[in-house]
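Everything below concerns the one structure shown next.
Since every read-out is calculated from the coordinates, none of them should be taken as a lab result. Predicted model only: the values in this text are computed from it and were never measured. Using ideal geometry, Cβ is built from the backbone for each residue, glycine included, and neighbour counts are taken over all protein chains shown.
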Amino acid sequence: MIDFRNPNTLWSSILAETLQRLGLTAAVICPGSRSAPLTIAFAQNSQIESIPVLDERSASFFALGIAKKSGLPVALICTSGTAAANFFPAIIEARESRIPLLIFTADRPPELRDCHAGQAIDQVKIYGNYPNWQAELALPSTDMGMLGYLRQTILYAWERSLLPTPGPVHLNIPLRDPLVPVPDLAVESLKSQFNSDDFLRE
């Protein structure tokens, strides 16, 4: 289901819906305010089992176990700041054991970095060379071209978590306020112009 309430919910729901159509069945989610749009998107998708785990290190190894058993990527989601650092041991394990993981770290937007904001660390390439592939997404946008870019990036992330060798893929996702699903009439007006089946068709 595509959520047209505001740019963050639209962006996050397209991300989750694209992954679900690719075959994602499980997402392990750690709590946090910056990652709220992602959490809501995965929780609203009835085809994805969303599993909340309070501790990031425990969550990452739990996701690793699910992916190892299924052979399919599992989404692992956390908020900004040091939460992301706690995933590192499991990401190393995923790389060395050839286990597919999709790591989504919410982050502050560029204007809130390097300005002494709390829980703001450099999350770009935080896992060094261990991911099969890593990138930072653009800020959420309602532009159709940018929504297409988002979908294609998610498709590529899925592929790189499996081929040529299974392993972790990291996407850092900057998000601006509002992080809660406050309605934005300009975004809601897009709903009548948007055919999600056509847009998301593989």
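For the reader, a short list of remarks on this structure follows.
- Residues considered: Leu102, Leu112. Of these, the only one that is farther than 15 Å from Arg34 by Cβ, of a type outside the set (Gly, Ala, Ser) and surrounded by 13 or more Cβ atoms within 10 Å (Cβ to Cβ) is Leu102.
- Among residues of region 31-47 being buried (at least 20 other Cβ atoms within 10 Å of the Cβ) and aliphatic (A, V, I, L, M), the one that is nearest to Pro140 (Cα to Cα) is Leu38.
- Some residue of region 52-71 being crowded, with 17+ Cβ neighbours inside 10 Å, closer than 20 Å to Leu10 by Cα and charged (D, E, K, R): no
- Yes/no for Asp177 being free of Cβ contacts under 8 Å to residues at least 60 places away in the same chain and among the charged types (D, E, K, R): yes
- Flag if Ala59 is more than 21 Å from Gly167 (Cβ to Cβ) and touching a Pro at 6+ places or on another chain (Cβ under 9 Å): no
- Residue match in region 152-163 (condition: free of Cβ contacts under 8 Å to residues at least 24 places away in the same chain and either aliphatic (A, V, I, L, M) or crowded, with 18+ Cβ neighbours inside 10 Å (or both)): yes
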